[in-house]
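The values are calculated or read from the model by the stated rules, or taken from the named source; none is laboratory data. Computed from a predicted model, the values in this text were never measured in an experiment. Here Cβ is always computed from backbone atoms with ideal geometry, including for glycine, and neighbour counts include all displayed protein chains. For accessibility, only protein heavy atoms count, side chains too; no ligands or nucleic acids. Shrake-Rupley method; radii C 1.70, N 1.55, O 1.52, S 1.80 Å.
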Amino acid sequence: MPIRTRRGRSGAYRALWEWPLHSPARLALVVAVLALVVIGLTTVSGWLAPRPAGSGAALGPVPEAPTVTVAPPAATPPPELTPTTLPLSAAPPAALGVAQRWATAWADHPAGTTGAQWSERLRPYTTDEYLPTLADVDPANVPGTRVTGPPRAVEVRPDSVRVQVPTDAVTLQLLLVQTGPGDWRVAGYDRAG
């Protein structure tokens, strides 16, 4: 066990910390002095801190803001609202044609067809964003081998169409989006539920 003495630096620190604890009067005196120091520092820092504009006494006359009058907008009719869903009869024939060709290429995968060959057949009818997803598909896992009926629109919107195309194994549900005037591409597919 180390020997504690009142000599040295640690002895000086210990004496400094122990002095207020010798009596309640010393402790009250130390607390009062610390409170005065904190209050004094707060007051002095408040005098030295810059004041925001508009606080305290005004330094001079404040100029008036100029008056601006705004004319009411010209009476123009509101723009025509495009409905979020259109009637199924409004399905663009170009979109239905792309759906037919895409489904035919999807079902065309003779034995030995690679994923790259299969996705390359789908490229002309598929968005650039969706094509990498199709490149990961193994054509041997594609259940259909031929399209068995015409495409049928199930949801029509101004820039997209959902189309179902029956095959000999499943009914495909394709999402076609308009990528340019009259240019429709498949942006996703699933099995119709």
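At-a-glance table
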item: Residue in region 135-147 that is touching an Asp or Glu at 6+ places or on another chain (Cβ under 7 Å), farther than 30 Å from residue 85 by Cβ and in contact (Cβ under 8 Å) with a residue 24 or more places away in the chain present; result: yes
item: Check on residue 96, closer than 20 Å to residue 166 by Cα, open to solvent by less than 30 Å² (accessible area, probe 1.4 Å) and either at pLDDT 90 or above or part of a helix (DSSP H, G or I) (or both); result: no
item: Long-range neighbours under 6 Å by Cβ, at least six apart or interchain, first residue open to solvent by 70 Å² or more (accessible area, probe 1.4 Å) within region 101-126, second of a type in the set (S, T, N, Q) and outside any loop (DSSP other than H, G, I, E, B); result: none
item: Test set (1) open to solvent by less than 70 Å² (accessible area, probe 1.4 Å); (2) of a type outside the set (S, T, N, Q); (3) out of contact with any helix residue (DSSP H, G or I) (no Cβ under 9 Å at 6 or more places or on another chain) - residue 157 fails condition number; result: (1)
item: Hits in region 127-152 - residues which are over 36 Å from the mean Cα position of the chain (by Cα), under 22 Å from residue 177 (Cβ atoms) and open to solvent by 70 Å² or more (accessible area, probe 1.4 Å); result: 150
item: Residue, nearest to residue 172 (Cα to Cα), within region 83-140, restricted to residues that are in contact with a helix residue (DSSP H, G or I) (Cβ under 7 Å, 6 or more places away or on another chain) and polar (S, T, N, Q); result: 126
